[in-house]
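Okay, so here's the structure we're looking at.
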Amino acid sequence: MKNKVTVAISIVIVAAVLVTLTFYVLGASFLGLPDYGIPAVALLIVAIAVLIVAMNYKNFRLGLPVKDERTKKIDAKACRYAFIATIWIALGTAMMEDYVTLPWRYNSYIIMLGSALVFLISYLILYYKGSA
């Protein structure tokens, strides 16, 4: 029963975020090209969430536990890698400030997108590689 509730709540949350993001992008006609960073970051994070929810739903349909020990280790290791990458990306954008003048929002977009991509790639590699 706990797995069923976990999967159902995850699906509802991801759907609500997608609907909100759609309304934000469609309703914000005043957005210029640089202001598409927030929806891009949000869409990437939602894509990661959809991927994880789909994997959990597949396990639920097969009668397996949604979160087993291997999945918990994969989550922890992918989060560790993303955290380390976030520190290095933030340090790199701070060091690049002398050479490239970017508004602060671009630096934050780079940091968020970089850490989300590192999490996604490391999660997929660890999930399909078979070790954690």
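Readers should treat all values here as calculations from the given coordinates under stated rules, not as data from a laboratory. Remember, predicted model here, so these are calculated numbers, not experimental data. Note that each Cβ is placed from the backbone with ideal geometry, even for glycine, and that neighbours are counted across all protein chains shown.
Would you indicate which of (i) -0.54, -0.63, -1.22, -1.35; (ii) -0.66, -0.73, -1.10, -1.25; (iii) -0.59, -0.68, -1.13, -1.23 is the value of log10 I(q)/I(0) by the Debye sum over Cα atoms at q = 0.12, 0.13, 0.19, 0.21 Å⁻¹ derived from the coordinates of this structure?
(iii)
Can you work out the Karplus-derived ³J(HN,Hα) for every residue in the range 116-130? Use 6.51 cos²θ - 1.76 cosθ + 1.60 with θ = phi - 60°, whole Hz, and x for glycine or proline.
The phi angles translate into 5, 5, 5, 4, 4, 5, 5, 4, 5, 4, 5, 5, 8, 6, x Hz.
How far, in degrees from 0 to 90, does helix 2-27 lean away from the longest principal axis of the Cα atoms of the chain, to the nearest 10?
It works out to around 30 degrees.
Between the helical axis of 69-95 and the dominant principal axis of the chain, each derived from Cα atoms, what acute angle in degrees is found, rounded to the nearest 10?
0
Which pairs break 18 Å Cα to Cα here: LYS4/LYS129; LYS77/LYS129; LYS4/LYS58?
From the list (LYS4/LYS129; LYS77/LYS129; LYS4/LYS58), the Cα-Cα distance tops 18 Å for LYS4/LYS129.
If the elastic network links every pair of Cα atoms under 10 Å, which of TYR24, TYR57, TYR106 fluctuates the most in the Gaussian network model of the chain?
TYR24
Given Cβ point charges of +1 (Lys, Arg) and -1 (Asp, Glu) and nothing else, what value in debye, to the nearest 20, does the dipole of the chain about its Cα centre take?
Dipole about the Cα centre, nearest 20: 800 debye.
Helix 37-61 against the longest principal axis of the chain: what's the angle in degrees, Cα atoms only, rounded to the nearest 10?
10
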